[in-house]
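Trainee: Dropping the structure in here first, questions after.
A short reminder: the numbers here are calculations on the coordinates, not readings from a lab. For clarity, every value in this text was computed on a predicted model and none was experimentally measured. All Cβ positions, glycine included, derive from the backbone under ideal geometry; neighbour counts span all protein chains shown.
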Amino acid sequence: MTKHMLAASSFWEKNAFLRQRDLIIVGGGIVGMTAALAFKRSFSNRSVLILDRHPIPLGASTRNAGFACLGSPTEVLSNISSAGIDQARRVLSLRRSGLRRLLDLVPQQIMDYVHTGGYEVFRAEDHHAYQQCVSNLPMLNALYERGGHLPLYQDLSTQVPPGLKNFKYCIAAPHEGMLHPGKMIAHLQRRCVEAGIDILHFGLKDYQEHASGVDLTLDSVELTCAHLLLATNGFTHALTDQAEVVPARNVVLVSTATQSQLKGTFHYHQGYYYFRNIGSRILVGGARHLHRERESSDQFLLPPDLLAHLETFANQHFVLQRPFEVEHRWSGIMGIGPSLCPEVKKLGPRIHAAVGLGGMGIAIGSELGHQAASKIGELI
Ligand SMILES: Cc1cc2nc3c(=O)[nH]c(=O)nc-3n(C[C@H](O)[C@H](O)[C@H](O)COP(=O)(O)OP(=O)(O)OC[C@H]3O[C@@H](n4cnc5c(N)ncnc54)[C@H](O)[C@@H]3O)c2cc1C
């Protein structure tokens with residue numbers, strides 16, 4: 001902390017930057033920013049401040065794989081068996097409306113959105129899982145009836161797309177696309193500024209609700225607002241245990257430019273492994289299920305065993321002219337909530353949380369942001 005940060009706030013600072021706001025949103029990822037934009041659209045004369053402890057939001061929104069996806073067949077079947085068919089259908093519908101909202105907010109060319117189509121791939125030893133998906137395709141496709149002329153999934157049998165090896169079967173997910181999460185978030189930030197939404201970089205330490213508002217204790221200053229929204233996803237547990245969100249770290253590797261023919265978004269093993277092309281590079285990530293407990297962490301570490309595992313996975317499954325050469329590696333933190341469907345939770349008369357998006361935040365984030373803004377709007 002600098003000397004300046006420790007100095008007592010001036011009258012001018014208190015009057016401008018630190019003035020009371022109608023709504024303060026903590027967390028400047030996809031959920032926080034889309035909630036701010038939706039709220040400001042309905043209440044243009046109300047003041048909104050986004051607080052994030054980092055100038056580039058540091059959680060999941062700029063560290064994910066950029067799949068604009070509805071989920072793979074094994075993932076949806078697993079959702080059905082763990083949460084029931086209604087919840088699985090609801091998640092699909094949230095993902096669909098969230099993607100629509102995102103595409104309305106950020107022009108496709110600005111976030112490099114490409115409707116590539118996606119795939120779930122299976123190895124020979126996954127024969128049983130593949131067969132189970134194929135026999136359930138009519139039921140799965142019926143979950144997504146309003147998808148237009150394209151079904152949710154199409155069996156491609158043994159027609160595995162080029163650029164892959166050691167996979168035997170494939171199911172296509174024709175609605176999927178890919179995007180550039182960094183450009184997406186940068187555009188949302190610009191839109192927030194244009195809409196008159198303030199953004200400040202402080203960490204929230206604590207908050208106290210009272211009859212007329214909420215007092216916030218930040219790193220070095222204090223603030224007050226009429227309503228508080230926590231959009232802190234995988235870090236929420238440090239502020240409250242009411243939201244019941246557990247952090248989950250995910251590791252990603254990106255190769256140097258390759259001659260690979262891989263094109264599109266790919267899922268393997270209920271989405272625990274995911275890979276895609278970024279131009280001629282390949283991104284591969286996941287495998288947190290191998291160390292589930294250890295990876296339930298909000299620390300941005302890069303466990304060497306997971307990095308090595310993903311590199312081996314890449315060499316075993318991608319057709320490459322030379323071994324997979326890692327150029328970028330990072331981790332991101334997502335938040336896993338108590339139920340499959342993330343919901344806006346009321347933590348107090350003036351406090352809400354929109355958290356727990358799991359690995360679906362690109363798809364669902366804008367919908368959850370919109371729902372949070374509507375709920376707070378009902379109290380205005
Ligand atoms: C590696 C990885 C790959 C993924 N791939 C995909 C994908 O391909 N498709 C998909 O749909 N989803 C994917 N996800 C999930 C998706 O990225 C997240 O669900 C989504 O970004 C969550 O957005 P958010 O706004 O809720 O949280 P975040 O983006 O994590 O934002 C939370 C923000 O809160 C701030 N914050 C936290 N605590 C405080 C505090 N006390 N004070 C101030 N600020 C605070 C943080 O700095 C952070 O910027 C992936 C996630 C990861 C980690």
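Trainee: Give me a comma-separated list of calculated 3J(HN,Hα) values for the stretch 312-324, in order, Karplus coefficients 6.51, -1.76, 1.60 applied at θ = phi - 60°, integers in Hz, x for any Gly or Pro.
Mentor: Working through the residues one at a time gives 4, 4, 4, 5, 6, 10, 10, 7, 10, 7, 9, x, 3 Hz.
Trainee: Mind listing the long-range amide H neighbours of residue 347? Cut-off is under 5 Å, sequence gap 5 or more, other chains count too, H placed in the peptide plane at 1.01 Å from N.
Mentor: Amide H neighbours of residue 347, under 5 Å, 5+ apart: 352, 353.
Trainee: What order do you get for 308-320, 94-106, 128-140 when each peptide is scored by the mean count of other beta carbon atoms within 10 Å, highest first?
Mentor: Packing order, densest peptide first, comes out as 94-106, 308-320, 128-140.
Trainee: Moving on. Any lysines with Cα under 21 Å of the residue 168 Cα? List them, leaving off those in the same chain fewer than 8 positions away.
Mentor: Leaving aside lysines fewer than 8 places away in the same chain, those within reach of residue 168 are 263.
Trainee: While we're here: Hey, what do the phi angles of the stretch 222-233 turn into as Karplus ³J(HN,Hα) couplings, whole Hz, using 6.51/-1.76/1.60 and θ = phi - 60°, x for Gly and Pro?
Mentor: Taking θ as phi minus 60°, the curve returns 10, 9, 9, 9, 7, 9, 10, 10, 8, 10, 9, 5 Hz for the stretch 222-233.
Trainee: Under 27 Å Cα-Cα from residue 14, which lysines qualify once same-chain neighbours fewer than 8 residues away are excluded?
Mentor: 3, 40, 205
Trainee: So in the chain, what percent of DSSP beta bridges are antiparallel if you round to the nearest 5? Mind showing how you got there, number by number?
Mentor: Working: 50 of 69 bridges.
Percent antiparallel among DSSP bridges in the chain is about 70.
Trainee: Once each part is reduced to its C-alpha centroid, what is the distance from the stretch 68-97 to the stretch 132-193 in angstrom?
Mentor: So the separation of the two Cα centres works out to 12 Å.
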